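Following: one structure in structure tokens, then a few remarks.
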Amino acid sequence: MDVHKNKINISIALAVAMGLAACGGSGSGSGSGSKDDGNGKSYPSYTDVELLGGDTTTTEASNSGHGFSTPAPNLTEAEVKHHEEGDANFETSFITAPSNEHPELDGLGPVFNNINCNACHQRDGRNSTILIPDGEKRVLLGSGAGIFLRISKKPDEVCTKGTKENNYCAPIPVPNFGGQLFHRGILQARPDWEQNNFKGQADVYLSYEYLEVTYDDGTKVKLKKPLFEVENAYDSPANFAASELGQPDVLMGWRNGMPVFGLGLLEAIPESAILDNVDVNDKNNDGISGKANYVFDPVKAMAGDDNPVSLGRFGWKANTPSVRVQSLGALRGDIGITNPLFPDESVKGTDLHEKYLSRTGLLDTGKGPNGEPEVDDKFSDSLVFYSETLAVPARRNVKDPDVREGARLFEQVNCTGCHTPKFVTKADGQIGGKDMSKALKSQTIYPFTDMLLHDMGEDLADGRPDFLADGNEWRTRPLWGIGLTKAVNPRAGFLHDGRAATIEEAILWHGGEAEKSKQDFMSLSKKERQQLVKFVNSL
């Protein structure tokens, strides 16, 4: 889930979604101007900044395993209570419906990827990288997987402007499957459930391919790339090629759970400030262009808006417009829990769901006894508020000379080209269709992202368009808090699929618009590379 506490040989050179290196547009308002230290060296203005989230920053995270799980310190007493209610909901594990003992927990599935938000966003951070057992070549994804496959059909033509007639350029669902592959299921989810207890739409296997990168100084770094195999599809268990999922025009892209903190601040960045950095035609000739994604907005649609489209801000391809849509979409999608914004099951209308309802006597329709969704407004609102108001951890080791040098090098190799350091959140207004908390207003923040799409090159492309994002484009990932990733979850990896075990590995996976910055990084001395990475780890 994106805001919670989640036979075909698919060798996907899956995209990194802008984890660390340079991209970006004009850098307008980036706050990356330099200042002289008095000794002849100029350092970026963000070099000494500690409070990355403004007044929402927590200085108590240290290297704690719960460094991402603190409520913003500037919340009111009532807001803290609301946040804590959302925290409990974030960790709620759902069960199969119907349950007479715990009706408030039922509704899981019938197919899903995980049973609670925390499973994909462990301690509000990244999920654990999947390990291949010794002696095994691959592993079947099961309950421990906080990652999943997005699926869609290849469109006939490139969609450049979303309208009602073209479904706003949304990905085309795979018939009888939908837009996400659910590898888990409740007991009777599949038509062949006697042979496939607790299995979902298909089995997904993971293995790794390894390669090596060598610097000019001879230093070698080993990288790994995930490989995927999909088998045992519910609509054709013995012959994958006959399955709707096995058709040659089906596109698949791997998705990993992201950190949850600071999301409300990102949504509170004025749209105009984000669009200031758009440079689709690369007018400044730096080889870098930023592009905005515009996506269908269910909040606007529910309100009756004639043009329910908003700027995409969240997700690996900026394919969701708000924390509300991201959170409640994941609640329904990843776990199978319907809610007021998404009242229908993700697999509604598919053969799997229809046969399940018929076979079980309508045990779980996605509706409660009175026809209401499986969770109500109160549950939904507190879950969303929790995800909007987690504190941003303060920087560490700011005065370390190596960290300071790393800040200078970070700008020198133009990482700030798309990891825009600074924004100021709006002074008033709404986020996700609700009045935003005062805690998020007028905050000077340093997320190190431009929130835009960038072409990361063919090697990292998944080939799968998502609204206006093409198969090569990914949203710049925020870098704030990234240095606490391993403290929060020692098994966490970086990039969209956790393939990178370190910041350095993540940089080395960059290409496309970030290729020059990567090459400039590789041209640094070993000490300078370490300093740049040390700066990133201070964030």
Next item on the list: Using a Förster distance of 25 angstrom, determine the FRET efficiency expected from the C-beta separation of Leu362 and Glu104, and round it to 0.05.
Entry: 0.80
Checklist line | Glu209, Glu267 arranged by Cβ crowding within 10 Å, fewest neighbours leading | finding: Glu209, Glu267
Note to self: Assuming 0.36 nm per residue, please report the length gained on full extension of the stretch Ala241 to Gln430 beyond their Cα-Cα distance.
What the structure shows: 63.3 nm
Item checked: Förster-model FRET efficiency, 51 Å R0, Glu165 and Asp459, C-beta, rounded to 0.05 -> 0.90
Check: Amide H of Gln180: which non-local residues (sequence gap of 5 or more, or other chain) have their own amide H closer than 5 Å, using H built in the peptide plane?
Finding: Ile151
Next item on the list: Express in nm, to one decimal, how much length is gained between Leu140 and Asp282 on full extension, taking 0.36 nm for each residue of separation and deducting their alpha carbon distance.
Entry: 46.8 nm
Check: Rounded if a/c is under 1.5, else prolate if a/b beats b/c, else oblate: with a ≥ b ≥ c from the C-alpha gyration tensor eigenvalues square-rooted, which is the range 59-98?
Finding: oblate
Item checked: chymotrypsin sites (Phe, Trp or Tyr not before Pro) restricted to DSSP loop in the range 205-236 with at most 16 other C-beta within 10 Å -> Tyr215
Note to self: Run the paramagnetic zone check for Asp351: 7 angstrom along Cα to Cβ, then residues of the range 205-249 with backbone nitrogen under 17 Å.
What the structure shows: 231-248
Item checked: Residues of type aspartates and glutamates that Lys527 reaches as a straight line, Cα spacing below 18 Å, ignoring anything fewer than 8 places off in the same chain -> Asp216, Asp217, Asp400, Asp402, Glu405, Glu411, Glu504, Glu505
Item checked: Option label - semi-axes √(5λ) of the Cα gyration tensor in Å computed here, alternatives (i) 32, 28, 26; (ii) 42, 28, 26; (iii) 37, 27, 22 -> (iii)
Note to self: If I model a spin label as a point 7 Å beyond the Cα along the Cα-Cβ vector, how far apart are those points for Leu211 and Gln195 in nm?
What the structure shows: 3.8 nm
Item checked: For the range 240-245, Karplus couplings with θ = phi - 60° (6.51, -1.76, 1.60), whole Hz, Gly/Pro x -> 4, 5, 8, 6, 4, 6
Check: Do any trypsin sites (Lys or Arg not before Pro) in the range 487-539 lie in a DSSP loop with no more than 16 other beta carbon atoms within 10 Å, and if so, which?
Finding: Arg491
Next item on the list: Tell me the Kirkwood hydrodynamic radius of the range 112-157 in angstroms, computed as one over the mean inverse distance between distinct C-alpha pairs.
Entry: 12.8 Å
Checklist line | Segment Gln519-Lys41, extension gain: residue separation times 0.36 nm, minus the distance between their alpha carbons | finding: 169.7 nm
Checklist line | Anisotropy class of the range 457-539 from Cα gyration tensor, a/c 1.5 cut | finding: oblate
Margin query: List the residues, sorted by chain then number, that are 5 or more residues from Tyr43 or on another chain and whose placed amide H is less than 5 Å from its amide H.
Written below: Lys35, Asp36, Asp37
Check: So how far apart, in nm, are the two label points at Asn307 and Ala88 if each is 7 Å from Cα heading toward Cβ?
Finding: 4.4 nm
Notebook entry, point to check: How about the range 75-117: which GluC sites (Glu not before Pro) there lie in a loop by DSSP and see at most 10 other Cβ atoms within 10 Å?
Noted result: Glu101
Notebook entry, point to check: Taking every DSSP beta bridge that has both residues in the chain, what percent is antiparallel when rounded to the nearest 5?
Noted result: 95 percent
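Here, each number is a calculation from the coordinates, and none is a lab measurement. Since this is a predicted model, take the numbers as computed values, not measurements. FYI the Cβ positions are ideal-geometry reconstructions off the backbone, even for glycines, and counts take in every protein chain you see.
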